[in-house]
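The values are calculated or read from the model by the stated rules, or taken from the named source; none is laboratory data. Fair warning: this is a prediction, and the values are worked out from it, not measured in the lab. Cβ placement follows ideal geometry from the backbone for every residue including glycine, while neighbour counts extend to all protein chains displayed. These accessible areas exclude ligands, DNA and RNA; they are computed on the full protein's heavy atoms, side chains included. Shrake-Rupley method; radii C 1.70, N 1.55, O 1.52, S 1.80 Å.
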Amino acid sequence: QVQLVDSGGGLVQAGGSLRLTCAASGRTFSSSAMGWFRQAPGKDREFVAAIIWSGVPYYADSVKGRFTISRDNAQNTVYLQMNSLKPEDTAIYYCAAGRLGTSRVKDYAYWGQGTQVTVSS
């Protein structure tokens, strides 16, 4: 069993930065893939970034070069550093845990409650 609490969202102007944090508990954390997804009004939940147990990161094309995902297994935490934010990044961001580091929502069994990120122009 894995429990996730995500935080760090807020209101920021275009070009600004935010760091999202996901605090995880559960004995399977170190062997789990972790991901960040986002959902904007009227849109499906979409993949943002994932990191597997070995620490290898993967990113959606839309955020490559701007976002960085990292994890600290000792602290049971996952981070998403978001730089050069754009208005189109506005969404609720969710952290997730699963066995595989895929880009598919259905492959993740555990989810945080979501944190709102709003980027103004």
Handout entry: Gly42 vs. criteria outside any helix (DSSP H, G or I), of a type outside the set (Val, Ile, Thr) and either farther than 19 Å from Val119 by Cβ or touching a Phe, Trp or Tyr at 6+ places or on another chain (Cβ under 6 Å) (or both)
Key = no
Completion exercise
Taking first residues from region 75-96 that are modelled with pLDDT under 95 and second residues anywhere that are among the aliphatic types (A, V, I, L, M) and open to solvent by less than 60 Å² (accessible area, probe 1.4 Å), the pairs with Cβ under 6 Å that are 6 or more apart or on different chains are Asn76/Ala24; Thr77/Ala23; Val78/Met34
Practice task
Output yes when any residue across region 29-37 is over 13 Å from the mean Cα position of the chain (by Cα), under 23 Å from Gln1 (Cβ atoms), at pLDDT below 90 and aliphatic (A, V, I, L, M), and no when none is.
Solution key: no
Fill in the blank from the handout: With criteria (1) open to solvent by less than 30 Å² (accessible area, probe 1.4 Å); (2) in contact with a helix residue (DSSP H, G or I) (Cβ under 7 Å, 6 or more places away or on another chain), Ala14 comes up short on (1)
Exercise for the section: May I ask you to verify whether Phe67 is out of contact with any Asp or Glu (no Cβ under 7 Å at 6 or more places or on another chain), more than 15 Å from Trp111 (Cα to Cα) and of a type in the set (A, V, I, L, M, F, W, C)? Expected result: yes
Exercise for the section: Please work out which residue is most open to solvent (accessible area, probe 1.4 Å), limiting yourself to region 71-111 and to residues that are within 16 Å of Ile51 (Cα to Cα) and of a type in the set (Gly, Ala, Ser). Expected result: Ala74
Exercise for the section: Identify the single condition in (1) on the phi < 0 side of the Ramachandran plot; (2) part of a loop (DSSP other than H, G, I, E, B); (3) surrounded by fewer than 18 Cβ atoms within 10 Å (Cβ to Cβ) that Thr68 does not satisfy, given that it satisfies every other one. Expected result: (2)
Handout entry: Whichever residue in region 29-65 is free of Cβ contacts under 8 Å to residues at least 40 places away in the same chain and open to solvent by less than 30 Å² (accessible area, probe 1.4 Å) and, among such residues, is farthest from Tyr79 (Cα to Cα)
Key = Val63
Fill in the blank from the handout: Among (1) within 19 Å of Gln81 (Cα to Cα); (2) open to solvent by less than 40 Å² (accessible area, probe 1.4 Å); (3) small (Gly, Ala, Ser), Gly26 falls short only on (1)
